[in-house]
Amino acid sequence: MNHLYYGDNLGVLRDSIATDSVDLIYLDPPFNSNASYNVLFKGASGAGSAAQIEAFDDTWHWNDSAEEAFGEVMRGPNQNAATMLRAIRTFLGDNDMMAYLAMMAVRLIELHRVLKPTGSLYLHCDPTASHYLKILLDAVFGAKCFRNEIIWRRTGSHNSAKRFGPIHDVILFYAKSDQYKHKSVFTPYLKGHVDGYFKRSDKNGRYWTNNIHGAGTRNGDSGRPWQGYNPTDAGRHWAVPSELVLAFGIDPDLPQHEKLDALLELGLIDLPERSGKNLPTYRQYLERSPGQLLQDLWAFQPHTKGSLYGTDAGIDEDVRWISPRDTVERLGYPTQKPVALLERILNASSNPGDTVLDPFCGCGTTVHAAQKLGRNWIGIDVTHLAIGLIEKRLRDAFPGVQFTTHGTPQDIDGARDLAARGKYHEFEKWALSLIAAQPGNLSKKGADKGIDGNLWFGAKSEGRAIVSVKAGDNVGVGMIRDLRGVIEREGAGIGVFLTLAEPSKPMVTEAAGAGQFELPGFQPVPRLQIVTIDQAMRLRDRAVRLPARRDDGFRRAAREDDKGAQGALDL
């Protein structure tokens, strides 16, 4: 089974994820000096909702929680991390960035613990904090375990009058040990490269010749004669290009002579006359070459269609940012990353059946990619809305998918228990997530004014439904009248009364008396709708009748071909 956890990832890691049990970790920990932990959702007008879906209240401010996280690192076994974090605090002082780094440090230590010796971690961030995070990762993993700083182009342009446009994110790639898994990924050659280099041809097709030796002499295996050719006489040494080795599946750890033998057996080496300083070269055939070995710059280049050999795609088009106008992949989550970006990472650093973990899984792109590629997965997020979105996304994209959700009610008894424990705000957020509603009053501050959540509908998101959530047993007809007054005051089209208790007959009658709401071009629906939590748990977003698909809320994920049942996780 695959596992989706609601809760603080630090607690989940410590309580539920075993040491050395995860093959690959991807995390995109949010940091924004103008917002709290999670995202701001926007209404139909494009204006930001004042009701942020906050995970840890004031998480990225220096307070008792940040001080506690700092203290845990200081007292913990990883004193390299403690020394580094203490030094950063001396430099930065007690501010928002330092709070973020303290909260991240204690989590990175746990992530290192759960990672297998053969595992890797990819941390996605922007340049605001990437340099500090790299220092922390060097301390937690060891500087020698750093593998790459990958640059990913996240948008087309971001104009600024007083600086160069910031359009990239940073992905820091670390391995837990030198035993880490890594598979080479290739991209198509540029047509200009093909035309400039593959100029010769024989019965096997177009090819170009290149050296299998490098400048300078060596005393070891790479400096000894092979097939009667002595590289030392020419002031060189044997050096088979790693790209060639990887392309033909040759073990990169073999001695140079054995690599040369393998290439000779494949018919790729030209042996010149054994005289003077002539040395063998290799023939790289175009049709036998997998392409250009992937580098650390992942940047889609618009208007480059036709510039790549063998494809009509543009440069790095597979990992292009998701356009705001995208109607297929975009789900309405502002920080959503493209699935193909995660596919690159998963294909490079994991195998089918491996376990992938995302401790800040947001809208679930990592678990979507893992499910698509036949990996087991663990996702963790601290907002009910994100958990609800991921559940919906997986069921839409992979009908029949099997996974277990932890930390949220799974039946009506669990819902009653959550309400009975006095955690109304948690119940409210969870209840709204069932119908994919966005929590909060759109006004700037103050009381909710009878508005617990919003749903947007219509071809252009021009319609609004106001949601009122009730967790108590004492519900009555007066509450329906109140909701009717709210939607009239706000100019909303529809009101949804989401209740844990069963409605009374007078409540149903009162709701029916509100009549129908009709959006031009769509079938009319009831203006006031009573939806029980039981109905919402069974029907999810289909429990509310809307005139049209919600365009500014979370959209339906495109269906994927499921790669088969997943194995059990060793948790």
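Here are the numbers for this structure:
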{"quantity": "Hey, ASN219 without any contact (Cβ under 8 Å) to a residue 60 or more places away in the chain and surrounded by fewer than 15 Cβ atoms within 10 Å (Cβ to Cβ) or not", "calculated": "yes"}
{"quantity": "Some residue of region 398-416 being buried (at least 16 other Cβ atoms within 10 Å of the Cβ) and free of Cβ contacts under 8 Å to residues at least 60 places away in the same chain", "calculated": "no"}
{"quantity": "Condition met for ALA175 (in the same structural domain as SER350 (by TED's automatic domain parsing), in contact with a Lys or Arg (Cβ under 6 Å, 6 or more places away or on another chain) and either buried (at least 16 other Cβ atoms within 10 Å of the Cβ) or aliphatic (A, V, I, L, M) (or both))", "calculated": "yes"}
{"quantity": "Boolean, THR155 is touching a residue at least 12 places away in the same chain (Cβ under 8 Å), assigned to a loop (DSSP other than H, G, I, E, B) and in contact with a Phe, Trp or Tyr (Cβ under 8 Å, 6 or more places away or on another chain)", "calculated": "yes"}
{"quantity": "Test result for ILE378, modelled with pLDDT of 90 or more and crowded, with 22+ Cβ neighbours inside 10 Å", "calculated": "yes"}
{"quantity": "Residues that are crowded, with 21+ Cβ neighbours inside 10 Å and either of a type in the set (Gly, Ala, Ser) or without any contact (Cβ under 8 Å) to a residue 12 or more places away in the chain (or both), drawn from region 317-358", "calculated": "SER349, SER350"}
{"quantity": "Breaking point among (1) assigned to a loop (DSSP other than H, G, I, E, B); (2) modelled with pLDDT under 95; (3) over 23 Å from TRP456 (Cα atoms), for SER65", "calculated": "(1)"}
{"quantity": "Which numbered condition GLN371 misses (of (1) crowded, with 24+ Cβ neighbours inside 10 Å; (2) under 25 Å from VAL170 (Cβ atoms); (3) at pLDDT 95 or above)", "calculated": "(2)"}
{"quantity": "Residues (buried (at least 22 other Cβ atoms within 10 Å of the Cβ) and more than 29 Å from the chain's Cα centre (by Cα)) located in region 417-428", "calculated": "ALA419"}
{"quantity": "Verdict on ALA514 being farther than 20 Å from ARG540 by Cα and surrounded by 15 or more Cβ atoms within 10 Å (Cβ to Cβ)", "calculated": "yes"}
{"quantity": "Index of the failed condition, ALA431 passing every other in (1) crowded, with 23+ Cβ neighbours inside 10 Å; (2) in a strand (DSSP E or B)", "calculated": "(2)"}
{"quantity": "Subset of region 124-146 (residues that are of a type in the set (Lys, Arg) and surrounded by 18 or more Cβ atoms within 10 Å (Cβ to Cβ))", "calculated": "LYS134"}
{"quantity": "Within region 72-151, helices (runs of 4 or more DSSP H) holding 1 or more residues that are touching a Gly at 6+ places or on another chain (Cβ under 9 Å)", "calculated": "79-92, 96-114"}
{"quantity": "Any pair with Cβ under 6 angstrom, 6 or more apart, that starts in region 202-213 at a residue that is farther than 27 Å from HIS237 by Cα and ends at one that is assigned to a strand (DSSP E or B)", "calculated": "ASN204/TYR285; GLY205/TYR285"}
{"quantity": "Residues of region 179-204 classified as surrounded by 13 or more Cβ atoms within 10 Å (Cβ to Cβ) and not in a helix (DSSP H, G or I), total", "calculated": "12"}
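Yes or no, residue by residue, for (1) over 17 Å from MET104 (Cβ atoms); (2) charged (D, E, K, R):
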{"residue": "ILE135", "(1), (2)": "no, no"}
{"residue": "ALA143", "(1), (2)": "yes, no"}
{"residue": "PHE146", "(1), (2)": "no, no"}
{"residue": "ARG154", "(1), (2)": "yes, yes"}
{"residue": "GLY165", "(1), (2)": "yes, no"}
{"residue": "HIS168", "(1), (2)": "yes, no"}
{"residue": "ALA175", "(1), (2)": "yes, no"}
{"residue": "GLN179", "(1), (2)": "yes, no"}
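Per-residue answers, yes or no, for (1) touching a residue at least 12 places away in the same chain (Cβ under 8 Å); (2) under 16 Å from SER433 (Cβ atoms); (3) part of a loop (DSSP other than H, G, I, E, B); (4) not assigned by TED's automatic domain parsing to the domain that holds VAL339:
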| residue | (1), (2), (3), (4) |
| --- | --- |
| MET479 | yes, no, no, yes |
| LEU483 | yes, no, no, yes |
| VAL486 | yes, no, no, yes |
| PRO520 | no, no, yes, yes |
| GLN529 | yes, no, no, yes |
| GLU560 | yes, no, yes, yes |
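Here's the yes/no breakdown for (1) closer than 23 Å to PHE186 by Cα; (2) of a type in the set (Val, Ile, Thr); (3) under 44 Å from the mean Cα position of the chain (by Cα):
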site	(1), (2), (3)
ASN210	yes, no, yes
ARG218	no, no, no
THR232	no, yes, no
TRP238	no, no, yes
PRO255	no, no, yes
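The values are calculated or read from the model by the stated rules, or taken from the named source; none is laboratory data. Since the structure is predicted, the reported quantities are computational estimates derived from the model, not experimental observations. Cβ atoms come from the backbone with ideal geometry, glycine included; neighbour counts cover every protein chain shown.
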